[in-house]
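Down below is the structure, laid out as structure tokens.
The values are calculated or read from the model by the stated rules, or taken from the named source; none is laboratory data. The model shown is predicted, which means the values in this text are computed figures rather than measured ones. Here the Cβ positions follow ideal geometry from the backbone for every residue, glycine too, while neighbour counts run over all protein chains shown. All accessible areas refer to the heavy atoms of the entire protein, side chains included, with ligands and DNA or RNA removed. Shrake-Rupley method; radii C 1.70, N 1.55, O 1.52, S 1.80 Å.
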Amino acid sequence: MAELTELTIRQAHEGLKKKEFSSADLAKAHLEKIKKEDKKINSYLSLTEKLAMFQAELADKKIASGNCGELTGIPCSIKDAIMVEGEKCTAGSKILESYIAPYDATAVKKLKENGSVILGKNNTDEFTMGSSTENSAFGVTKNPSDLDRVAGGSSGGSAASVASGMAMYSLGSDTGGSIRQPASFCGVVGLCPTYGAVSRYGLIAHASSLDQIGPFARNVDDIEIVFKAIAGKDRLDATSADYSYKKSDENLNGLKIGLPKEYFAKGLEKEVENIVRNAIEKAREAGAEIVEISLPSFKYALACYYIIDPSEISANLARFDGIKYGLSEDGDKLLDVYLKTRGRGFGAEVKRRIMIGTHCLSSGYYDAYYKKAQEVRQLIKKDFEKAFEKADLIFCPVSPFPAFKIGEKTEDPLSMYLADIYTIPAKLAGLPGLSLPAGKIGKLPVGLQIIGNHFQENKIISAASQIEKLLS
Ligand code: GLN
């Protein structure tokens, strides 16, 4: 039998049902591996060992009484921007270094209700701003495939923990690419659901019109299991949608796959393109029809995102004032408390975005920047609407390049921002996207991005699972 830390959710579920091992065995095997091996990867910021062993015991009782759901007893990890009651939640920031979450995020609550076992909290770029986890106040997460390289970001810790057998699945969050890009860099599957498909309650806000929680796992089947469990309406998040996942049995045969010509252009590394095109070719051989589509506003997407995103950040992060949450520096006057706490608590990227956002929203500039960006966002949405008249799904790269070297882009924010050029457009349109491991350049994994229309995660998952088989 494979090592307990190498099993998929489905395999572990079968083993638990047959009593080949217990949930406590699974939790212990994972915790041991984390303690031994995570020093070199840094995918966890904290372990929730007591909670894990308590949940494992509960799960074993459930299983003994013949009540074993697909997630009962399955060990997972949670990005440290998503709250788990009674546990630290730092969002990768010094300002929340000792903050304890007062309640469970709805997605976490659902996982607990399903009997999952939470092992710990994963490293993230500070307040989920970044593409490499290098913006974390607590050290970079290294890529398990090559320790000199980044795991991607901002959910780099989640992706690396799943890739290295230190969690069977993980929850991350994606605002502009933070699930899909690290999934691609680490060689795991990552699903960014439709905006509103999963409750954001209990996710520390980055940019509220874009933020979305989603799963990482080692195969598409496992992604489906977790997504089913966390999706749906939540009265605590007004933007959550009345939605439940229904499996699709649609075949690749006859499926129309759109390739956006703007994505397969200058800037895309040749070896990445070859891997993505090889996966597309497999779909074509299986009967899919490949159609060229165009997203003419693609060229404005990054600029549009970097106005809307910092604008929302500047509003959302105003709450970290040294009074209400976390770090609080002394000062003679209230203003000193604000300035010192925020000056010392926030890192460079967070400060940069707050400044950009405050500028974009300031009177006299609001129309020129924020309002304009909202108009461009509508154009991008329309591009996708048109594209989905011609295609059932869109296939494209996740990132123009594979995992880059640690330190390679830290001095140049614009080159870092380019890492998300292919994930941001769909996000501005609120669309779901999945990253599927499609091949490797040397030892570096490369993902294929599958984008669907709103709430068509089922179509994405069914296509991804067929292509996964064709590629294996
Ligand atoms: N890298 C993008 C940013 O820094 C996206 C981050 C994310 O999706 N959380 O904003």
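Looking at the structure I just gave you, is Ser164 under 17 Å from the mean Cα position of the chain (by Cα) and surrounded by fewer than 24 Cβ atoms within 10 Å (Cβ to Cβ)?
yes
As an exercise: evaluate Asp60 against (1) touching a residue at least 40 places away in the same chain (Cβ under 8 Å); (2) out of contact with any Phe, Trp or Tyr (no Cβ under 6 Å at 6 or more places or on another chain); (3) farther than 17 Å from Ile230 by Cα; (4) assigned to a helix (DSSP H, G or I) and give the number of the one condition it does not meet.
(1)
Only one of these is among the acidic types (Asp, Glu), closer than 13 Å to Val117 by Cβ and open to solvent by 70 Å² or more (accessible area, probe 1.4 Å): Glu32, Glu49. Name it.
The unique qualifying residue is Glu49.
Please name all residue pairs, on different chains or six or more residues apart, with Cβ atoms under 6 Å, provided the first residue is in the range 86-112 and is over 28 Å from Lys228 (Cβ atoms) and the second residue is assigned to a helix (DSSP H, G or I) and of a type in the set (A, V, I, L, M).
Thr90/Leu96
Would you be able to tell me the number of residues in the range 215-257 that are hydrophobic (A, V, I, L, M, F, W, C), within 22 Å of the chain's Cα centre (by Cα), open to solvent by less than 50 Å² (accessible area, probe 1.4 Å) and more than 23 Å from Asn122 (Cα to Cα)?
1
Gly157 fails exactly one of the following numbered conditions: (1) surrounded by fewer than 24 Cβ atoms within 10 Å (Cβ to Cβ); (2) within 16 Å of the ligand (Cβ to nearest atom); (3) not charged (D, E, K, R). What is the number of that condition?
Exception for Gly157: condition (1).
Name the single residue that is nearest to Asp321 (Cα to Cα) among those in the range 333-386 being more than 28 Å from the chain's Cα centre (by Cα) and acidic (Asp, Glu).
Among those residues, the one meeting the criterion is Asp336.
Under 6 Å by Cβ, and 6 or more places apart or on different chains, what pairs join a residue from the range 184-213 that is under 13 Å from Ala238 (Cα atoms) and of a type in the set (Ser, Thr, Tyr) with one that is within 12 Å of the ligand (Cβ to nearest atom) and not in a loop (DSSP other than H, G, I, E, B)?
Sorted first by the residue in the range 184-213, then by its partner, the pairs are Tyr195/Gln212; Ser208/Glu312.
If a residue must be closer than 15 Å to Ser158 by Cβ and more than 12 Å from the ligand (Cβ to nearest atom), how many such residues does the range 194-212 contain?
Here the count works out to 1.
Identify all residues within the range 1-30 that are touching an Asp or Glu at 6+ places or on another chain (Cβ under 6 Å) and either of a type in the set (Val, Ile, Thr) or within 15 Å of Ala167 (Cβ to Cβ) (or both); write none if there are none.
Of everything in the range 1-30, those that are touching an Asp or Glu at 6+ places or on another chain (Cβ under 6 Å) and either of a type in the set (Val, Ile, Thr) or within 15 Å of Ala167 (Cβ to Cβ) (or both) turn out to be Thr8, Ile9, Ser23.
Quick one: is Lys19 part of a loop (DSSP other than H, G, I, E, B), surrounded by fewer than 21 Cβ atoms within 10 Å (Cβ to Cβ) and of a type in the set (D, E, K, R)?
Here the answer is yes, as Lys19 does meet what is asked.
Please work out which one of (1) more than 30 Å from Cys304 (Cβ to Cβ); (2) buried (at least 24 other Cβ atoms within 10 Å of the Cβ); (3) over 17 Å from the mean Cα position of the chain (by Cα) is the condition Lys112 fails and give its number.
With respect to (1) more than 30 Å from Cys304 (Cβ to Cβ); (2) buried (at least 24 other Cβ atoms within 10 Å of the Cβ); (3) over 17 Å from the mean Cα position of the chain (by Cα), Lys112 is out only on (2).
Which residue, of Asp104, Asp148, is in a strand (DSSP E or B) and of a type in the set (Asp, Glu)?
Asp148
May I ask you to list the residues in the range 403-428 that are closer than 19 Å to Cys192 by Cβ, assigned to a loop (DSSP other than H, G, I, E, B) and in contact with a strand residue (DSSP E or B) (Cβ under 9 Å, 6 or more places away or on another chain)?
Ala403, Tyr422, Thr423
If you go through the range 425-440 one residue at a time, do you hit one that is without any contact (Cβ under 8 Å) to a residue 40 or more places away in the chain, over 17 Å from Gly176 (Cα atoms) and surrounded by fewer than 21 Cβ atoms within 10 Å (Cβ to Cβ)?
Scanning the range 425-440, I find no residue that is without any contact (Cβ under 8 Å) to a residue 40 or more places away in the chain, over 17 Å from Gly176 (Cα atoms) and surrounded by fewer than 21 Cβ atoms within 10 Å (Cβ to Cβ), so the answer is no.
Just one of (1) open to solvent by less than 10 Å² (accessible area, probe 1.4 Å); (2) within 22 Å of Pro75 (Cα to Cα); (3) part of a loop (DSSP other than H, G, I, E, B) trips up Lys121, so point out which.
Looking at each condition in turn, Lys121 falls short on (3).
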